[in-house]
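Colleague: Here you go, one structure.
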Amino acid sequence: MCWPRRLGSLTLTQRRAFVFEQYYIQRSDAASFSLLAGHTGFAPPTLLGATVPQCKRCDSASSRLFQYLAEGEVYAFSLLMQQAQALGADEAALAAHTPSEGASSYPRLWADMAYAGDRAAAAAAAAVNFPAWGLMCGRVRAALLSGAYGNVTEEEVAF
């Protein structure tokens, strides 16, 4: 997705695309992080109200890291659903969406690391990716709350 350079130029279609693509990414990442934490078979039909299994062998920092990340995905899912609802989408519509190649390649890399059990590579990827992701989300959040997009509320951009 090509992000606009000037405030107020992010279209409703682009805002909705973010939510639709993120829905797919979050569900996949929750399963990958759960597997990296040492769980198998975590694939609930929805993350809304889901619970990541308790860590049975969180004997290492990496197990605890990925347990935390899996639980974070579940927590953030309800926030994503608030944003989706504000944009006129429900979970059925999100689930029916076919993700773009870009939105499917990112979680595929996490899944590859999870299935290989490569916690070191996954921890390094998290250390590089998550700060950049956080900065980008902060910029988009600030823009959406600026008034340039109408009356966007804190709840709608809590994700």
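The values are calculated or read from the model by the stated rules, or taken from the named source; none is laboratory data. Quick caveat: nothing in here was measured; it's all calculated off a predicted structure. Note: ideal-geometry Cβ built from the backbone for every residue, glycine included; neighbour counts use all protein chains shown. Keep in mind that these areas ignore ligands, DNA and RNA; they rest on the heavy atoms of the full protein, side chains included. Shrake-Rupley method; radii C 1.70, N 1.55, O 1.52, S 1.80 Å.
Colleague: (1) within 18 Å of Ala76 (Cβ to Cβ); (2) surrounded by 15 or more Cβ atoms within 10 Å (Cβ to Cβ); (3) in contact (Cβ under 8 Å) with a residue 40 or more places away in the chain: which one isn't true of Arg141, the others all being true?
Modeller: (3)
Yes/no per residue for (1) assigned to a helix (DSSP H, G or I); (2) at pLDDT below 90; (3) farther than 25 Å from Gln67 by Cβ:
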| site | (1), (2), (3) |
| --- | --- |
| Ala89 | no, no, yes |
| Leu94 | yes, no, yes |
| Arg108 | yes, no, no |
| Ala114 | yes, no, no |
| Ala123 | yes, no, no |
| Ala127 | yes, no, no |
| Arg141 | yes, no, yes |
| Asn151 | no, yes, yes |
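Colleague: Taking the options Thr51, Thr40, Thr46, name whichever one is open to solvent by 20 Å² or more (accessible area, probe 1.4 Å), touching an Asp or Glu at 6+ places or on another chain (Cβ under 7 Å) and outside any helix (DSSP H, G or I).
Modeller: Answer to the check: Thr46.
Colleague: Inside the stretch 98-113, can you point out the residues that are more than 26 Å from Val152 (Cβ to Cβ) and open to solvent by less than 40 Å² (accessible area, probe 1.4 Å)?
Modeller: Ser104, Pro107, Trp110, Ala111, Met113
Colleague: Out of all the residues in the stretch 33-48, which are in contact with a Phe, Trp or Tyr (Cβ under 7 Å, 6 or more places away or on another chain) and of a type in the set (Ser, Thr, Tyr)?
Modeller: Within the stretch 33-48, just Ser34 meets the criteria.
Colleague: Another question about this same structure. Checking Ala148 against (1) farther than 17 Å from Leu12 by Cα; (2) of a type in the set (Gly, Ala, Ser); (3) open to solvent by less than 60 Å² (accessible area, probe 1.4 Å), which test does it fail?
Modeller: (1)
Colleague: On the given criteria, is Ala95 open to solvent by less than 70 Å² (accessible area, probe 1.4 Å) and in contact with a Leu (Cβ under 8 Å, 6 or more places away or on another chain)?
Modeller: Against the criterion (open to solvent by less than 70 Å² (accessible area, probe 1.4 Å) and in contact with a Leu (Cβ under 8 Å, 6 or more places away or on another chain)), Ala95 does not qualify.
Colleague: Starting from the stretch 78-105, keep only residues that are β-branched (Val, Ile, Thr), then list their pairs with residues that are assigned to a helix (DSSP H, G or I) and open to solvent by 30 Å² or more (accessible area, probe 1.4 Å) whose Cβ atoms are within a distance under 6 Å, requiring at least 6 positions of separation or different chains.
Modeller: The qualifying pairs do not exist here.
Colleague: Does Gln22 meet the test of being farther than 17 Å from Ser104 by Cβ and either part of a loop (DSSP other than H, G, I, E, B) or modelled with pLDDT of 90 or more (or both)?
Modeller: no
Colleague: Which number in (1) open to solvent by 30 Å² or more (accessible area, probe 1.4 Å); (2) outside any helix (DSSP H, G or I) marks the one condition that Leu135 misses?
Modeller: The single condition Leu135 does not satisfy is (2).
Colleague: Yes or no: Ala84 in contact with a helix residue (DSSP H, G or I) (Cβ under 7 Å, 6 or more places away or on another chain), surrounded by 13 or more Cβ atoms within 10 Å (Cβ to Cβ) and closer than 26 Å to Leu10 by Cβ?
Modeller: Answer is yes for this residue.
Colleague: Return a yes/no flag: does the stretch 54-63 have any residue that is at pLDDT below 95, open to solvent by less than 20 Å² (accessible area, probe 1.4 Å) and either assigned to a helix (DSSP H, G or I) or of a type in the set (Gly, Ala, Ser) (or both).
Modeller: Yes.
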